[in-house]
Amino acid sequence: MSVFDPAHTAFGFELRTRWGQRVRGRFPVYEGVVLALPDGRSQIRIRLATAAVEVEGSARYAELARGEGFFDAARYPDIEFVSEPHDAALGHDGGLLRGRLTMHGISRRETFVVAPTTCSRPGRDCDAIASGSVDRSNYGIDGLRLVLADRVRFTLRVRLQDERLPDALP
């Protein structure tokens, strides 16, 4: 099992206002692992804390993003993604990463695009990068519709580190 390296990992989101302005945010609090499956494939599990959401340049927008009209962090503290098992080549060659995304208590199958890399050990020697867009209305996130577009683009930039087990007690 490998965990996400907090010094080199970032999760973000972007959406547009009805006037075409970009609103960018990030999830500074998260958990993420890559599990090695017995058949040689991998599975990714990610949990993002909605109560910690930050929006670039605006404490007010961050408060709105955490509030009832958007992520509703009090009722839905996490966004979760669990990938379908995939071959290791996906990290190097790029391609489609499919899995189940859960927001607002609603789970749906979504697809993210993994960018190809040029290093031999993606996620270790270079960042693993993926992105994808979802319609927030599919997850019951209907607030601020007069101001914000429905499409939310998620981005992730990940580095891995091996999880170290504690030394055995004498």
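The table below lists the values:
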{"item": "Normalised contact order of the chain, rounded percent, pairs of Cα under 8 Å and 6 or more residues apart", "result": "25"}
{"item": "Efficiency of FRET between Thr111 and Ala36 - r from beta-carbon atoms, R0 22 angstrom, step 0.05", "result": "0.45"}
{"item": "Per-residue [θ]222 nm for the chain (sum of -39500 (n - 2.57) over DSSP H runs n ≥ 4, rounded to 500)", "result": "-2000 deg cm²/dmol"}
{"item": "Scaled radius of gyration (Cα, divided by 2.2 N^0.38 Å) that the range 2-162 gives", "result": "1.04"}
{"item": "Spin-label model distance (nm) - Ser120 vs Arg24, 7 Å beyond Cα toward Cβ", "result": "3.4"}
{"item": "Backbone HN-Hα couplings from phi across the range 111-127 [Karplus 6.51/-1.76/1.60, Hz, Gly and Pro as x]", "result": "10, 10, 9, 8, 6, x, 10, 10, 8, 7, 10, x, x, 10, 8, 8, 5"}
{"item": "Extension gain from Arg100 to Ala74, taking 0.36 nm per residue of separation minus the Cα-Cα distance", "result": "7.2 nm"}
{"item": "Neighbour-count order for Ile46, Ile129, Ile106, fewest beta carbons within 10 angstrom listed first", "result": "Ile106, Ile129, Ile46"}
{"item": "Taking the range 31-72 and dividing mean pair separation by its residue count, relative contact order in percent (alpha carbons under 8 Å, at least six apart)", "result": "26"}
{"item": "For a label point 7 Å along the Cα-to-beta-carbon line of Ala88, residues of the range 1-32 with backbone N under 18 Å", "result": "1-4"}
{"item": "Neighbour-count order for Asp93, Asp150, Asp72, fewest beta carbons within 10 angstrom listed first", "result": "Asp93, Asp150, Asp72"}
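Each value in this text was obtained by applying a stated rule to the coordinates, not by laboratory testing. This one's a predicted model, so the numbers in the text were calculated from it and none came from an experiment. Methodologically, a virtual Cβ is constructed for each residue, glycine included, from the backbone with ideal geometry; neighbour enumeration extends over all protein chains shown.
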